[in-house]
Each structure stands twice: as structure tokens, then as C-alpha cells.
Amino acid sequence: MRYESASVWNKMITNFAGPMNNFILSIIAFTIVAFMIGIPNTDSVIGEVVDGSVAQEAGLVDGDRVTEVDGQSVSEWSDLVLLIQERPNEALAVSVERDNETFDTTVDVQAVTDEQSGEQIGQIDIIADREFSFASSITYGFTATWGVITGVLGVIGSMITSGFNINNFGGPVMMAQATNQVVSLGLPVIIDFLARLSANIGVFNLLPIPALDGGKIVLNAIEAVRGKPLSESKEGIITIIGVLIMVVLMVAVTWNDINRAFFQ
């Protein structure tokens, strides 16, 4: 059956198939990462204390649950990390639960340079506890993919409300830089990068821009409302406009990447 003679519903399914394959690949890749290295738990339990670290010198051990940092109660790993990062080169009072007893100690927080901001942040070399169950790994594939999708949609929404920002996009130069960074970090990081990239591409292809799958779905919806498709000439003009938009965007994004990489 030719595409032109298919029903509107079948046309929509066909156009949605490409982005859906991106999402399926993302789910599979995230699931593989979960099976390989586990899923970080969100609570404040220490999964591993790095040998020779300031945390080990302070007496912290694997399995400790951090309950207070500098007098502030903590229960989430993200809160614990933030409190530590905010205090480089400080002596930090830490309370933990160990075998149903409370253990208090002081950790001399190290100062390290954050690769993204270039600022000094605190670090004590502890690693979050991880879960390796089959069910949680499968679930993680879906939740992590959904997290990327909602994150991209959030960025798009902020551009609609706050204005277009080309720095939210990345072209071939940024992709090359990002790939160069992740290849040296091990296979799980590479697969994680693949999963995030695939989900990003899936969302991008669903944008209602002519020449993208999302634009074609919009044309399918118009056909459903009108009861007949647009003429080939009109659809061709719309597609050409979409291609020109994509070319202009790609040139602008690539130039912005080059400017950030070599001139800033």
C-alpha cells in the first residue's frame, strides 16, 4: 500500500514510528545501564567510601546513613551532595546512623574544580548506594527516558515563555565534544549518553515543524479535519519551508557551537 492511499490513522502511526523507535532505544539503553551499574538510591545511605578519602579518615563506612550535615537534617542523597559541595575546605560536622546507633564525626571537605562552572566545590569521596534488582532496572529504563523527555519539553516550554535561546541547542561540534568526553569514561557512560541522545532526537523529531515527523503528523491532523489531504503542491511548499527553517537553524547552531568552543 502506498503512503498516499493509506488512512489518516495509518499515516500518523507511520510518521510516529521514527520517534517511537528513538524512545524504545532510549528505554533499552537506560535499562542496560541499570543492569550494569545499578540504580542510585535517592536516600542518604552511603554505598561506598573511597579508600584513602577524607570520608574514610573521618570514620565513615559503607552502609552509613547520613542524618545530619552541619546541624541540618538530611534524608535525600541530592541534599547531602549539595550541602557538601557548598562547603569546600571546611570542617563539616556529620551525623550518621550505623547499626541503629548514632555516630558523630567531622569531615575535612576537599575542594575540587567543577568541570562545568569552573568554580570550587566540596567533595568527600562517597558514592551513593545502588539497587540491582531486575524489576527496578526495567522500571528505570522507562522512568529515565520519561525524565529526559520531560526535561527537553521543559526547555522548549521555557523558550516559548522566556524567549528563544540558541545555547539550548547543540550541533555537530557540540556532539563531537560531548562524544570525546564520554568515550574515556567507560561503557556505561557511553550507553547512558546514547540513551539521552536518542530520547532527545525523538522529542525533536516530534516538533510541529514541516519536514520533521511532527510536522507531518500536523498535516495528517489537518487532513483528518478537512476530510481530504492538502494538494501535493501546497504540501511541497510547506515541506520546502520546513527544510529552509531546519537549514537556517542548523547553520546558526553550528556557528554558535564553534564560537563557544574556539572563541570563548
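The values are calculated or read from the model by the stated rules, or taken from the named source; none is laboratory data. As the structure is a computational prediction, the values presented were derived from the model and not from experiment. Heads up, the Cβs are rebuilt from the backbone with ideal geometry, glycines too, and the neighbour counts pull from every protein chain shown. Accessible surface areas use protein heavy atoms only, side chains included; no ligands, DNA or RNA. Shrake-Rupley method; radii C 1.70, N 1.55, O 1.52, S 1.80 Å.
Measure nothing fancy, just the Cα-based angle from helix 172-182's long axis to the longest principal axis of the chain, in degrees from 0 to 90, nearest 10. Between the helix axis and the principal axis of the chain, the angle is about 30 degrees. Computed 3J(HN,Hα) for segment 126-134, one whole-Hz value per residue from the Karplus formula 6.51 cos²θ - 1.76 cosθ + 1.60 where θ = phi - 60°, is 10, 10, 5, 5, 10, 10, 10, 6, 5, glycine and proline marked x.
Given +1 at the Cβ of Lys and Arg, -1 at the Cβ of Asp and Glu and no other charges, the dipole of the chain around its Cα centre is 2360 debye to the nearest 20. The calculated FRET efficiency for VAL183 paired with VAL248, based on their beta-carbon distance and R0 = 35 Å, is about 0.65. Calculated accessible area for segment 150-257 comes out at 59 Å² per residue, all protein chains present (probe 1.4 Å; ligands, DNA, RNA ignored). For LEU206, the residues 5 or more places off, or on other chains, whose built amide H falls under 5 Å of its own are GLY214.
Averaging over all projection directions, the Cα-based convex hull of segment 2-78 occupies 9.1 nm² in the image plane. Per residue, segment 25-73 exposes an accessible area of 45 Å² to a 1.4 Å probe, with every protein chain left in place. Bridgeable aspartates and glutamates around LYS228 (alpha carbons under 20 Å apart, same-chain partners fewer than 8 residues away excluded): GLU4, ASP213. Here LYS216 is the anchor, and the aspartates and glutamates within straight C-alpha reach of less than 12 Å, apart from those fewer than 8 places off in the same chain, are GLU235.
Treating each Cα of segment 59-134 as one equal point scatterer and applying the Debye formula with no solvent, the log10 of I(q)/I(0) at q = 0.14 Å⁻¹ comes out as -0.47. Phi-derived couplings, Karplus 6.51 cos²θ - 1.76 cosθ + 1.60 at θ = phi - 60°, listed residue by residue for segment 188-195: x, 5, 5, 5, 4, 4, 4, 4 Hz, with x used for Gly and Pro. Taking the accessible area of the chain, probe 1.4 Å, and keeping the other protein chains in place, the carbon and sulfur fraction comes to 60%.
With respect to the chain, whose longest principal axis is taken over its alpha-carbon atoms, helix 8-37 is tilted by about 20°. Normalised by the number of residues in the chain, the mean separation of alpha-carbon contacts (under 8 Å, six or more apart) gives a relative contact order of 25 percent. Peptide packing for 197-208, 126-137 was compared via the average number of neighbouring C-beta atoms within 10 Å per residue; ordered from the highest value, the list is 197-208, 126-137.
With R₀ fixed at 41 Å, the C-beta to C-beta distance from ALA135 to GLU235 puts the FRET efficiency at about 0.30. Using every pair of alpha-carbon atoms in segment 163-219, split the distances into 5 Å bins beginning at 0 and state the percent of pairs per bin, rounded to integers. The calculated distribution, bin by bin, is 4, 16, 18, 22, 17, 11, 8, 3, 1. Would you indicate which of [x] 211; [y] 110; [z] 185 is the value of volume of the Cα convex hull per residue in Å³ derived from the coordinates of this structure? Calculated volume of the Cα convex hull per residue in Å³: the matching label is [z].
Kirkwood radius for segment 100-235, taken over all pairs of different Cα atoms as the inverse mean of 1/r, rounds to 19.8 Å. Rounded to the nearest 20 debye, the dipole size of segment 35-139 about its Cα centre is 220 debye, using +1 on the Cβ of Lys and Arg and -1 on the Cβ of Asp and Glu. For GLU68, the residues whose modelled amide H falls within less than 5 Å of its own, excluding neighbours fewer than 5 places apart on the same chain, are VAL74, SER95.
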